[in-house]
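First the structure, in the form of structure tokens, and then the observations on it.
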Amino acid sequence: MNGIELKSPDEIDKMSRAAKIVAEVLEALRGMVKPGVTTEELDRFAEGFILERGGIPAFKGYRVRDKVYQHTLCTSVNNAVVHGIPSSRVLKEGDIIGLDLGVVVEGYYGDAAITVPVGRISEDVRYLLQVTNEALHKGIEKAVVGNRISDISHAVQKHAEAARFSIVTEFVGHGIGRKLHEEPQIPNYGEPGKGPRLKAGMALAIEPMVNMGEPETRCLEDGWTAVTQDGSLSAHFEHTIVVTETGPRILTKL
Ligand code: MF3
Ligand code: CO
């Protein structure tokens, strides 16, 4: 026995409607990210888009201990790993920005993130983004019935480290469904063959965070933004998926 809920087809349908809105917003935001745009403009757009389509922003009002998140989007620029707060910060050519977004539809959650370039970026930074996204997909490929949670973790770690990047260990992926964060935790590192066995109907948010330099992070005084301790760049990609008898189904894909 474990505490991981299996979702019914009806629940997966609700999740996929939430996830579709997430995917649409992220695609629209990808097109909006340009030098001169502020991160709060992106946040405002995301909120309007979600509400127009009948969804609810999942992060706004989200509580972590005594803190309440006040925004729709997390916007994590350059050395920010995750949970960057939208602000009047103006994006400039050569930046990278992580866009992390959750939506609720009829009580069910979808959650995804992408990291995108602002204008032209250097070849080595483009490689960081590529490898992190590939690591996500290597993890997703392991989300099949009969595997264990850490088979996902191990595949993510192996891919990122083969490129000589480092995996952030302070934040992990998670089960998702009627809550944003459900069991199990999904680390982005570890030995294969450990943890709960995967079953059809499990819904998982897999989300590698990969640093160009050292893996350690610290939290800024704003209480939210996690940044790399060494100031190196960091990338983050996330999908919400469901384990099915015929393999992983990515819900947050257009
Ligand atoms: N996408 C993040 C996660 O999966 C959630 C952001 S936390 C919030 O953990 F407070 F910003 F909502
Ligand atoms: Co998540």
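Things to note:
- With respect to (1) within 18 Å of residue 136 (Cβ to Cβ); (2) surrounded by fewer than 21 Cβ atoms within 10 Å (Cβ to Cβ); (3) among the β-branched types (Val, Ile, Thr), the lone exception for residue 121 is condition (1).
- Verdict on residue 145 being in contact (Cβ under 8 Å) with a residue 40 or more places away in the chain and closer than 23 Å to residue 84 by Cβ: no
- When 200, 163 are screened for being farther than 21 Å from residue 111 by Cβ and away from ligand 2 (no atom under 16 Å from the Cβ), only 163 passes.
- Count of the stretch 231-249 residues which are under 13 Å from the mean Cα position of the chain (by Cα) and of a type outside the set (S, T, N, Q): 6
- Qualifying positions in the stretch 211-234 - among the aliphatic types (A, V, I, L, M) and more than 15 Å from ligand 2 (Cβ to nearest atom): 212, 220, 227, 233
- Once the stretch 190-210 is narrowed to residues that are out of contact with any Lys or Arg (no Cβ under 8 Å at 6 or more places or on another chain) and farther than 18 Å from residue 155 by Cβ, the residue that is most open to solvent (accessible area, probe 1.4 Å) is 199.
- Taken together, 218, 178 contain a single residue that is surrounded by fewer than 19 Cβ atoms within 10 Å (Cβ to Cβ), in contact with a strand residue (DSSP E or B) (Cβ under 8 Å, 6 or more places away or on another chain), without any contact (Cβ under 8 Å) to a residue 24 or more places away in the chain and under 24 Å from residue 71 (Cα atoms), which is 218.
- Hits in the stretch 50-86 - residues which are aliphatic (A, V, I, L, M), in contact with a strand residue (DSSP E or B) (Cβ under 9 Å, 6 or more places away or on another chain) and either more than 14 Å from ligand 2 (Cβ to nearest atom) or within 12 Å of residue 22 (Cα to Cα) (or both): 50, 51, 56, 58, 73, 77, 80, 85
- Residue 81 of a type outside the set (S, T, N, Q), within 22 Å of residue 238 (Cα to Cα) and at pLDDT below 95: no
- Which numbered condition residue 116 fails, given (1) surrounded by 21 or more Cβ atoms within 10 Å (Cβ to Cβ); (2) in a strand (DSSP E or B): (1)
- Subset of the stretch 76-101 [free of Cβ contacts under 8 Å to residues at least 60 places away in the same chain and within 11 Å of ligand 1 (Cβ to nearest atom)]: 86
- Options 21, 4: the member that is of a type outside the set (Gly, Ala, Ser) and outside any loop (DSSP other than H, G, I, E, B): 21
The values are calculated or read from the model by the stated rules, or taken from the named source; none is laboratory data. For clarity, every value in this text was computed on a predicted model and none was experimentally measured. Quick reminder, even Gly has a Cβ in these numbers, built from the backbone with ideal geometry, and neighbours come from all protein chains shown. Quick note on the areas: whole protein, heavy atoms, side chains included, nothing else; ligands and nucleic acids left out. Shrake-Rupley method; radii C 1.70, N 1.55, O 1.52, S 1.80 Å.
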